[in-house]
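Please treat every number below as a calculation from the coordinates, not as lab data. Quantities reported herein were computed from a predicted structural model and do not represent experimental measurements. Quick reminder, even Gly has a Cβ in these numbers, built from the backbone with ideal geometry, and neighbours come from all protein chains shown.
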Amino acid sequence: MIILDQVTKQYKGTGKSEQPALDRVSLHIKPKEFVVLVGVSGAGKSTLLKMVTHEERPDAGRVIVGGINYSDLRAKHIPHLRRRIGVVFQDFKLLPDRTVFENAAFALEIAGHTPKEIKDLVPKVLDLVGLSGKEKHFPHELSGGEKQRVAIARSVARQPRILIADEPTGNLDDMHSWGIVELLQKINRFGTTVLLTTHNMAIVEYLNERTITIDGGKIVADVPKGRHRRAHR
């Protein structure tokens, strides 16, 4: 599903003596896996995610996602690739003048779905994320947890094979954070590969999923699923 093979990335403006953002990173994530990425700010997590979404290109090494070698990917095929990858951020990125329904439908509109398809799909997605009955609400009428659920609904509406959740609980209190974690688990059980970054070690222990630690642009630990002590909530 996701393969990084000896990937190195050094940003312009940093000398050769500076530490690369990614330094010969090799990684294999299987279809339907739930993988947690941890590491301090600047460790290389965001750069790794940008390799997967093709926002950045490696200086050396290969990136292969869903059998597609990014080195061979033509520019005209990039939008199609990105429709297969959903991304959720900690700051929601909702459109403030659109309702919950309209925010969830936005990605489908961009992808060219018909109004009938959108009318059929969006209620199912909102039910999945626990927002049935909130269709006509605007973002300012929602809690932080509900806003994040809308963002997740928008990301999974196109049924991506991969969902990247970059610090999705970073702006939430504990109660809403656990709700988002459980929603990500639910989406994973439906067959979506989930790649989650978090600084919250209680979440890491509770999930008890495969956890990869990045430090100084290198993978320094790769703990298999089931090896964490289960945290109590």
Could you work out how far helix 144-156 tilts from the main Cα principal axis of the chain, as a 0 to 90 degree angle to the nearest 10? 80 degrees
Cα axis of helix 174-189 to longest principal axis of the chain: angle in degrees, 0 to 90, nearest 10? 80 degrees
What does the extension gain come out to for D59 and S71, with contour length at 0.36 nm per residue minus their alpha carbon separation? 3.2 nm
For K186, give me every one of the lysines with a C-alpha distance below 28 angstrom, ignoring sequence neighbours fewer than eight places off in its own chain. K30, K32, K45, K50, K93, K116, K119, K124, K134, K136, K147, K225
With +1 assigned to the C-beta of every Lys and Arg and -1 to the C-beta of every Asp and Glu, and no other charges, what is the dipole magnitude of the chain about the Cα centre in debye, to the nearest 20? 680 debye
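Go through region 112-220 and name the chymotrypsin sites (Phe, Trp or Tyr not before Pro) that are in a DSSP coil and have 15 or fewer other Cβ atoms within 10 Å of their Cβ.
Details: sites: W178, F190, Y206; in loops: F190.
Passing sites in region 112-220 are F190.
Determine the gain in length on full extension of the stretch H137-M1; use 0.36 nm per residue of separation and subtract their C-alpha separation, reporting nm with one decimal.
Stretched fully, the H137-M1 segment lengthens by 45.3 nm.
When the chain is fully extended, how far beyond the present Cα-Cα distance does A111 get from D174, taking 0.36 nm per residue of separation? Don't skip to the end; give the middle numbers.
Values: separation 63, 0.36 × 63 = 22.68 nm, distance 3.44 nm.
Length gained between A111 and D174: 19.2 nm.
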Nearest-ten-degree value, helix 100-110 long axis tilted from longest Cα axis of the chain: 60 degrees
Among N188, N69, N208, determine the one that fluctuates most according to a GNM of the chain built with springs between C-alpha atoms less than 10 Å apart. N69
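Using the eigenvalues of the Cα gyration tensor, what equivalent ellipsoid semi-axes result for region 95-159 when each is taken as the square root of five times the eigenvalue, whole Å, largest first? Walk me through the numbers before you get to the answer.
On the way: eigenvalues 63, 27, 20 Å².
So the equivalent ellipsoid measures 18, 12, 10 Å along its semi-axes.
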Highest GNM mean-square fluctuation among P31, P160, P79, for the chain with Cα springs under 10 Å, belongs to P79
Taking a label point 7 Å from the Cα of V40 along the Cα→Cβ vector, which residues of region 198-229 have an amide N closer than 12 Å to it? 215-217
Of the trypsin sites (Lys or Arg not before Pro) in region 62-92, which ones lie in a loop per DSSP and count no more than 11 other C-beta atoms within 10 Å? R74
So if the hydrodynamic radius of the chain is defined as the Kirkwood radius over C-alpha pairs, what does Stokes-Einstein give as its diffusion coefficient at 25 °C and 0.890 mPa s, in µm² per second? 133 µm²/s
